[in-house]
Amino acid sequence: MPVYLKEAPARPLGPSAEVVARVGSILRDIEAHGPAAVRRCSKDLDGWDPPSFRLSLAEVAGACSRVPDDLRGHIDWAAGRVRHFAEAQRACLAPLEIEVERGVTLGHRHIPVASVGAYIPGGRYSLVSSALMSVMTAKVAGVRRVVAMSPPRADGVYAPTVYAMQVAGADEIYALGGVQAMGAMAHGALEGLDPVDMVVGAGNDYVAEAKRQLFGRVGIDLLAGPTEILVIADETARPHVVAIDLLSQAEHGPTSPAVLVTTSRRLGAMVLDEIDGLLPTWPTADVTRSAWEAHGTVVVAEDAQEAVALSDAFAPEHLELQVADPGVYETQLTNYGSLFVGEATTVTFGDKGIGTNHTLPTGGAARYTGGLWVGKFLKTVTYQTLSAEASRAAAPHAAAISTAEGMHGHALSAGLRRRMKDSGRTADA
């Protein structure tokens, strides 16, 4: 049986009633009143009421010019790796065509979504790397038009974020945040802004709820909640490294879970001591301490199998393996957003651009979905072609199944093909 040295309450299921109601009210207002509602929300909620929310080419160039050369280089480095991995993923997605029997050809094609709205968070932290994860991945998938929006600061969108958007290939860039940004993209509720077909990107509880309520009108990537990390560590792990990695993800927000599953009670106790020593001087302690105290967990598993079971039950967004033999765990683990293998591989690398996408399932969603990748922007559509001879052969089977279902119109349609000649005219025509 597992032994908890520190136990956090279960993760909350879904948004509060207040968030649901507030988001619904804003979205209904935007749908009914369009640009006027978007502008009113932006002014009331963010104090942002510019002549135009869209950045002009000159404004984009000006913002990019303010980014220091060394930071540009780092963003370019990350962009290159995100692009390279996304291109490799896209290359795996080949079209299919197969003749399943004589005269019956079936296949599928991957068609990119035509337009995407990418939301780049900019609240507590301006997540520059998120522009690469959403905008660039969409462009690699073949999306023709990508609209990028990020919350305004005093002088507009954070300049490094604008630079990342431009490098990633955004076609339109807007200084607009929150629910009003999601509604504007979905409804085309700004002057000159056409509606998009899909919205992606993480945000706060309100942004996530806006995506949930807009799903159906537009497609979404996933519903991202508070960032999570789970570390599986054995007696060979270094407590200081484990502690640093737990706290580095807890700094995302005060509701971010950080979990250690260890097969060593001694290591678990040492990690707790390390965290107590680190927090007083931790650079983002105001947020990190709240997250750790409320949502930090340290649990001792009896063996590797129990550690795997605990991890799979939690289904973490980020999963680190700091163990002597990672292969033992890799072959058994099934529920996680992204896996980071070995002490040298920190979640920070995935977050900031080593190549994999950092938009990942949270709240247990890793039980049934992966994260954002090029495939999310592709519609896999099927097709079929039957020769006249194959059509006549298939007709009695389809007609019989249709009749059994009570769908007699379907049976008539199939029966018609049975009587067709090669010219397409029926025998009794």
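Note on segment 156-174: residues that are under 30 Å from residue 85 (Cβ atoms) and either of a type outside the set (Gly, Ala, Ser) or in contact with an Asp or Glu (Cβ under 9 Å, 6 or more places away or on another chain) (or both) total 13. Regarding segment 65-80, can at least one residue be identified that is at pLDDT 95 or above and under 22 Å from residue 220 (Cβ atoms)? Among the residues of segment 65-80, not one is at pLDDT 95 or above and under 22 Å from residue 220 (Cβ atoms), which makes the answer no.
When segment 123-149 is examined, which residues are found to be assigned to a loop (DSSP other than H, G, I, E, B), touching a helix residue (DSSP H, G or I) at 6+ places or on another chain (Cβ under 6 Å) and surrounded by 22 or more Cβ atoms within 10 Å (Cβ to Cβ)? Correct list: 143 only. For segment 371-429, a residue qualifies if it is part of a loop (DSSP other than H, G, I, E, B), at pLDDT below 95 and of a type in the set (S, T, N, Q), and exactly one does: 423. Considering (1) exposed (fewer than 13 other Cβ atoms within 10 Å of the Cβ); (2) touching a residue at least 12 places away in the same chain (Cβ under 8 Å), the lone condition that residue 408 does not fulfil carries the number (2). Is it true that residue 111 is outside any helix (DSSP H, G or I) and closer than 19 Å to residue 135 by Cα? So residue 111 fits the description; yes. Taken over segment 202-226, the residue count meeting the criterion of being buried (at least 20 other Cβ atoms within 10 Å of the Cβ), at pLDDT 95 or above and assigned to a loop (DSSP other than H, G, I, E, B) is 1.
Taking residues in segment 113-136 that are basic (Lys, Arg), and partners anywhere that are assigned to a helix (DSSP H, G or I), the pairs with Cβ atoms closer than 8 Å and at least 6 places apart or on different chains are 124/287.
In segment 174-194 there is no residue matching the filter, namely being in a strand (DSSP E or B), assigned by TED's automatic domain parsing to the domain that holds residue 58, within 15 Å of the chain's Cα centre (by Cα) and buried (at least 19 other Cβ atoms within 10 Å of the Cβ). When each of 328, 308 is tested for being part of a helix (DSSP H, G or I), farther than 20 Å from residue 4 by Cβ, touching a helix residue (DSSP H, G or I) at 6+ places or on another chain (Cβ under 8 Å) and among the aliphatic types (A, V, I, L, M), the lone residue that passes is 328. Only one of the listed residues (360, 339) is without any contact (Cβ under 8 Å) to a residue 24 or more places away in the chain, within 30 Å of residue 14 (Cβ to Cβ), outside the structural domain of residue 88 (by TED's automatic domain parsing) and under 25 Å from the mean Cα position of the chain (by Cα). That residue is 339. Hey, could you check segment 61-108 for residues that are of a type in the set (Val, Ile, Thr) and assigned to a helix (DSSP H, G or I) and say which is nearest to residue 388 (Cα to Cα)? That would be 82. Summed over segment 150-164, residues that are touching a residue at least 60 places away in the same chain (Cβ under 8 Å) and under 19 Å from the mean Cα position of the chain (by Cα) total 2. Does residue 144 count as farther than 29 Å from residue 90 by Cα and free of Cβ contacts under 8 Å to residues at least 60 places away in the same chain? Judged against the criteria, residue 144 is not a match. Among the conditions (1) touching a strand residue (DSSP E or B) at 6+ places or on another chain (Cβ under 7 Å); (2) surrounded by fewer than 24 Cβ atoms within 10 Å (Cβ to Cβ); (3) among the hydrophobic types (A, V, I, L, M, F, W, C), residue 291 misses just one, which is (2).
Somewhere in segment 65-74, is a residue more than 24 Å from residue 175 (Cβ to Cβ), surrounded by fewer than 19 Cβ atoms within 10 Å (Cβ to Cβ) and of a type in the set (A, V, I, L, M, F, W, C)? Within segment 65-74, not a single residue is more than 24 Å from residue 175 (Cβ to Cβ), surrounded by fewer than 19 Cβ atoms within 10 Å (Cβ to Cβ) and of a type in the set (A, V, I, L, M, F, W, C).
The values are calculated or read from the model by the stated rules, or taken from the named source; none is laboratory data. Fair warning: this is a prediction, and the values are worked out from it, not measured in the lab. Positions of Cβ are generated from backbone atoms using ideal geometry, with glycine treated the same way; all protein chains shown enter the neighbour counts.
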